[in-house]
1. Provide a single number: the residues in the stretch 140-165 that are part of a loop (DSSP other than H, G, I, E, B), of a type in the set (A, V, I, L, M, F, W, C) and either under 23 Å from Val59 (Cβ atoms) or open to solvent by less than 50 Å² (accessible area, probe 1.4 Å) (or both).
2. Name the single residue that is farthest from Arg41 (Cα to Cα) among those in the stretch 125-139 being of a type in the set (D, E, K, R) and open to solvent by less than 70 Å² (accessible area, probe 1.4 Å).
3. Can you pull out the helices (runs of 4 or more DSSP H) entirely within the stretch 166-219 that have at least 1 residues that are aromatic (Phe, Trp, Tyr) and over 21 Å from Gly24 (Cα atoms)?
4. Go over the candidates Pro40, Pro77 one by one and state the one that is farther than 27 Å from Lys6 by Cβ and touching a helix residue (DSSP H, G or I) at 6+ places or on another chain (Cβ under 7 Å).
5. Name, by its number, the condition in (1) farther than 26 Å from Ala194 by Cα; (2) among the polar types (S, T, N, Q); (3) open to solvent by 70 Å² or more (accessible area, probe 1.4 Å) that does not hold for Ser92.
6. Do we have Arg122 as open to solvent by less than 30 Å² (accessible area, probe 1.4 Å), touching a residue at least 12 places away in the same chain (Cβ under 8 Å) and not aliphatic (A, V, I, L, M) here?
7. Determine which single condition Ser104 fails, assuming it passes every other condition in (1) part of a strand (DSSP E or B); (2) more than 27 Å from Thr212 (Cβ to Cβ); (3) of a type in the set (S, T, N, Q).
8. Determine, yes or no, whether Asp127 is modelled with pLDDT of 95 or more and closer than 25 Å to Gly66 by Cα.
Amino acid sequence: MSIKDKYKSPADLPAKLPIFPLGGALLLPRAHLPLNIFEPRYLKMIDDAMRSHRLIGMVQPDSADGIKTQGNTDARPSVYGVGCAGRITTFSETEDNRFLITLSGVSRFQVAGEIETEEPYRICEVDFAPFADDFKPGLGENDVDRDALLDAFRKFLDANKMEADWEEVSETPTELLVNTLCILSPYDAAEKQAMLEAESLKSRAETLITLTEMVLAGNRAGQKLGATRLQ
């Protein structure tokens, strides 16, 4: 059963999730995020998820100081109030005790609060209802200026002396293209959070285009990107 058939509405998802706070890591619905898991607390989290619903919530620390504490097992930095649930769709274990996984994005969620737990990882109550449209594949694709998106992408690649498989790009559905480019984009946590919290696919694409154009112009001053925080 595919993810789109397994999860058709917020009611198909749990009311609480283990969370993985990771600055700069963005997950979006129906896109994919590879992760290299090596910290003991997150190895335990993946083990537990694989034995249950195979879902984890990707969130970001909401400050530079919080991001700096990511490797500290005693740190519990405040995180942004919106994250994205992902299902573990590929899993492998290395000889040096790491997990290599891929998360497939299901839906964004609002963090409703943190749950007291004896587990080494954090667990939060989550609400998927505000993002019911995330369960509608392809919603808003026709509103995206795909030509402008591809033009910005091409200019970024040229500026960095990189190449892409343009035949594959041309065949990629617009929703997947927008979300994958956002995930792969080299922007900071606040900027990625702004893309995550975008109200529509069109708004997300426009945010990505604007950021890319600012980088290409060598001027990011004055950009204000709002995002919800959970203190």
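1. Summing the residues that are part of a loop (DSSP other than H, G, I, E, B), of a type in the set (A, V, I, L, M, F, W, C) and either under 23 Å from Val59 (Cβ atoms) or open to solvent by less than 50 Å² (accessible area, probe 1.4 Å) (or both) in the stretch 140-165 gives 2.
2. Taking the stretch 125-139 as the starting set, the residues that turn out to be of a type in the set (D, E, K, R) are 125, 127, 133-134, 136.
Subsequent filtering for residues that are open to solvent by less than 70 Å² (accessible area, probe 1.4 Å) retains 127, 134.
Values: Asp127: 24, Asp134: 29 Å.
For the stretch 125-139, the residue satisfying everything is Asp134.
3. Working: elements: 166-171, 174-184, 189-196, 201-217.
It comes to 166-171.
4. Working: Pro40 fails: touching a helix residue (DSSP H, G or I) at 6+ places or on another chain (Cβ under 7 Å).
Going through Pro40, Pro77 in turn, the sole match is Pro77.
5. The single condition Ser92 does not satisfy is (3).
6. On the way: open to solvent by less than 30 Å² (accessible area, probe 1.4 Å): yes; touching a residue at least 12 places away in the same chain (Cβ under 8 Å): yes; not aliphatic (A, V, I, L, M): yes.
Yes: the conditions hold for Arg122.
7. (2) is the only condition that Ser104 fails.
8. yes
The values are calculated or read from the model by the stated rules, or taken from the named source; none is laboratory data. Since we're looking at a predicted model, the values are computed, not measured. Neighbour counts are summed over all protein chains in view; Cβ atoms, including those assigned to glycine, are modelled from backbone coordinates with ideal geometry. Areas reflect the complete protein model, heavy atoms only, side chains present, ligands, DNA and RNA absent. Shrake-Rupley method; radii C 1.70, N 1.55, O 1.52, S 1.80 Å.
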